[in-house]
Amino acid sequence: MKKRENIRDTFGISQENLAKLLKVSRSQLAMYETSKRELPTSAVLQLADMFRYLQENAPKSADTTSLLKAQAIQKGKALEEMRKENHFKQLKVEKKLNVLEKKYKANLSAFQLTKYLEKQDTENGKLESHLLKTIERKSLAELNKNGLAMITKCKIEKEVLQAEEKIILQFMKKE
């Protein structure tokens, strides 16, 4: 036994249940764990037997083998579900990114066009400037709302999802 406070962690049971198994009081076990008191010899021997079993025999037992197989199946199913969910999220982000990029280009074009037409308007006096200002304000508002910041955010989200997919696939290969 390395550290007495790790006893319950090793066995995976509560202090109260371990004390019952060792046929000692919970307070006796607590004092043993803090090195303030020794356990009765029978309890120490029982602890030693329990440790030895976990180290030598438990991993080889039929119960453990079937449990580990069931756990591996659950792990595989969970990983497959994570992979599918990740793929769906990637598709959503890709679609959102495409829409954002398309809107960005359109709004940038609208803004550039208004600047060109304003220049033409002042030279020729043909177009109404309030219409151009309305188009310019709308395109600027859209650029500020869904501009390069949002596009960059989506690109980062896409890359994070792709990295997550690689990690999931690595775990799936380990099976």
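Each reported figure results from applying straightforward, stated rules to the coordinates on display, with no laboratory input. Note that the coordinates shown come from a computational prediction; the quantities given were computed from them, not determined experimentally. We place every Cβ from the backbone using ideal geometry, glycine too, and count neighbours over all the protein chains shown.
Please report, in debye to the nearest 20, how large the charge dipole of segment 1-80 is about its Cα centre when each Lys and Arg carries +1 at its beta carbon and each Asp and Glu carries -1 there.
Result for segment 1-80 is approximately 80 debye, rounded to the nearest 20.
Might you report the magnitude of the Cβ-based charge dipole of the chain about its Cα centre, with Lys and Arg at +1 and Asp and Glu at -1, to the nearest 20 debye?
Numbers: 36 positive and 24 negative charges, 9 e Å.
Dipole about the Cα centre, nearest 20: 40 debye.
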Inset, instruction - With θ set to phi - 60°, apply the Karplus curve 6.51 cos²θ - 1.76 cosθ + 1.60 along segment 20-37 and write out the HN-Hα couplings as whole Hz, x wherever there is a Gly or Pro. - result: 5, 4, 7, 6, 10, 7, 4, 5, 4, 5, 4, 5, 5, 5, 9, 6, 9, 7
Inset, instruction - Decide, for segment 94-175, between rounded, prolate and oblate: order the square roots of the alpha carbon gyration tensor eigenvalues as a ≥ b ≥ c, take rounded if a/c falls under 1.5, and otherwise choose prolate if a/b is larger than b/c, else oblate. - result: prolate
Inset, instruction - Run down the lysines and flag those whose C-alpha is under 27 Å from the C-alpha of LYS174, throwing out any fewer than 8 positions away in its chain. - result: LYS60, LYS69, LYS75, LYS77, LYS84, LYS89, LYS158, LYS166
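For a test of the definition: using alpha carbon positions, the gyration tensor, and the 1.5 limit on a/c, classify the chain as rounded, prolate or oblate. Intermediate values should be presented prior to the final figure.
Details: a/c = 7.06, a/b = 3.34, b/c = 2.11.
Because a/c hits 1.5 or more and a/b exceeds b/c, the chain counts as prolate.
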